[in-house]
1. Please count how many residues of segment 111-129 are more than 10 Å from ligand 2 (Cβ to nearest atom) and either part of a helix (DSSP H, G or I) or in contact with a Phe, Trp or Tyr (Cβ under 7 Å, 6 or more places away or on another chain) (or both).
2. Across segment 153-178, what is the number of residues that are under 19 Å from Asp70 (Cβ atoms) and within 16 Å of ligand 2 (Cβ to nearest atom)?
3. Just to be sure, is Ala210 in a helix (DSSP H, G or I), within 25 Å of Val55 (Cα to Cα) and within 15 Å of ligand 2 (Cβ to nearest atom)?
4. Does Lys411 fit the bill of being in contact (Cβ under 8 Å) with a residue 40 or more places away in the chain and surrounded by 24 or more Cβ atoms within 10 Å (Cβ to Cβ)?
5. When you check Tyr217 against the structure, is it surrounded by fewer than 20 Cβ atoms within 10 Å (Cβ to Cβ), of a type in the set (Ser, Thr, Tyr) and either touching a helix residue (DSSP H, G or I) at 6+ places or on another chain (Cβ under 6 Å) or outside any helix (DSSP H, G or I) (or both), yes or no?
6. Quick one: Val105 ticks every box in (1) away from ligand 1 (no atom under 16 Å from the Cβ); (2) more than 18 Å from Asn430 (Cα to Cα); (3) assigned to a helix (DSSP H, G or I); (4) among the aliphatic types (A, V, I, L, M) bar one, so which box is it?
7. Would it be correct to say that Gln26 is in contact (Cβ under 8 Å) with a residue 60 or more places away in the chain and in contact with a Gly (Cβ under 7 Å, 6 or more places away or on another chain)?
8. I'm checking my understanding of the structure. Among residues of segment 130-143 that are out of contact with any Lys or Arg (no Cβ under 9 Å at 6 or more places or on another chain) and not in a loop (DSSP other than H, G, I, E, B), which one is farthest from ligand 1 (Cβ to nearest atom)?
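The values are calculated or read from the model by the stated rules, or taken from the named source; none is laboratory data. From a predicted model like this one, the values you see are computed outputs, not experimental measurements. Backbone-built Cβ (ideal geometry, glycine too); neighbour counts: all protein chains shown.
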Amino acid sequence: MDQQQVITGVMEQVTKRNSGEPLFHQAVLEVLESLDQVLKRRPEYVEAGILARIVEPERQITFRVPWVDDQGRVQVNRGFRVQFNSAIGPYKGGLRFHPSVNQSVVKFLGFEQIFKNALTGLPIGGGKGGSDFDPKEKSENEIMRFCQSFITELYRHIGADVDVPAGDIGVGGREIGYMYGQYKRITGLYGGVLTGKGLPYGGSLTRTEATGYGLIYFLDEMLKANGQTLAGKTVVISGSGNVAIYAAEKAQQNGALVVAMSDSNGYIYDPNGINLGTMKQIKEIERKRISTYTEYHPKAEYHEGFQGIWSIKCDIALPCATQNELDGKLAAQLAENGVIAVAEGANMPSMPEAIKTFQTNKILFAPSKAANAGGVAVSALEMSQNSMRLSWTFEEVDAKLKDIMVNIYAKTNMAAWEYGYEGNLVKGANIAGFLKVANAMLAQGIV
Ligand code: NDP
Ligand code: 2IT
């Protein structure tokens, strides 16, 4: 059997075995399609069934999350944790609380996490979890009760050397705090079982900024390698959550002009540059809609509908909201408007047709697995600090983060080149991430 037949066979099995999970299929297909040259050179991966094993989670946990709302009504949500691959370290990956969360979402994220975590160079396996709980419009007490109920089941499946969850959409410092408190209460353990913790109880400096800053460090490397710089460029960023805000902050520090940001309802266009102090106040402190930005800055425009943000002319586009937010048509619009680079802060925000459009138009493209790995990398550094019972300074962690992102760019670019896909960082990230995990799996036998 040649490698293409192997890939087709594994993909058929994935589709059949995981019916009704289109996002998971999309994520798997992109990785498998990157591997034909790898399998040609390394037939031992096929013999050891690496492909068939790597697409099957080691364990999937689904559970009931009952809680009582402020009106005294019983609510029931569904909780998930997929422990996908532990070949290179304990399962590691975020928890997402959003009404759209289902098995397909958690599995696509968990699958991508395997390769992303491998790219960081740190010893972390791949996992992901979450719930279809919607944190919007919930009181502080409801959020706390939900988090406590969620961890009251999940605690038995996680541990500092077993599986270490963190944040993702809808899960930030507040939620991690409530989950950590309940975990500690149930188990009596004070360890690094969750990352993204608050600074007074084991959190790491720079974790809040890590994904956004890391994205810009990666983008900067990609631009430099192509004779460009961020200074003076106009940037559009979708989302206004953790990743978007700190990507904007670092982009501004590097001399770029960030003119637009969004939430799921609409977007703000501020041609003089988004005021991040206001954005943080609205999003991090008041937890309000982005539309309220115009109350502080009446000259800025608010437009309903979040996809309209991609019609704004810019040099650099940073999708930092959610999966599949950019389709082929929106990508074509960006290309027509002369965008020179796209770097993904969100996980899988570009649909396959969008990626194709960027590549055919010679737009520099940084795929999420590589470009947004800064968050999980600093999570792993938080684990190191917890194990050592000490804390590094902001500057120390930031310097390590930068190093890691520069390395990921180099590794990704080199793998693309070595396997005949020069300049294609999608292939490079998939290949480089896969090689590390596959070699570990090979060494550990059929498990
Ligand atoms: P947040 O919850 O902090 O922010 C999410 C932002 O995206 C909000 O502005 C939200 O708007 C918007 N958004 C969410 N879902 C949708 C949707 N379906 N349609 C349109 N807009 C939407 O999450 P993060 O910033 O942490 O995560 C953003 C992305 O980055 C996700 O893809 C996540 O997986 C990825 N990521 C996160 C990392 C982290 O460390 N946090 C690390 C690596 C990747 P609204 O408030 O209206 O819902
Ligand atoms: O998608 C991601 O990499 C994250 N949400 C961060 C995971 C983590 O463990 O910090």
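1. 7
2. Here the count works out to 3.
3. Criteria not met by Ala210.
4. no
5. No: the conditions fail for Tyr217.
6. (1)
7. The answer is no for Gln26.
8. Asn141
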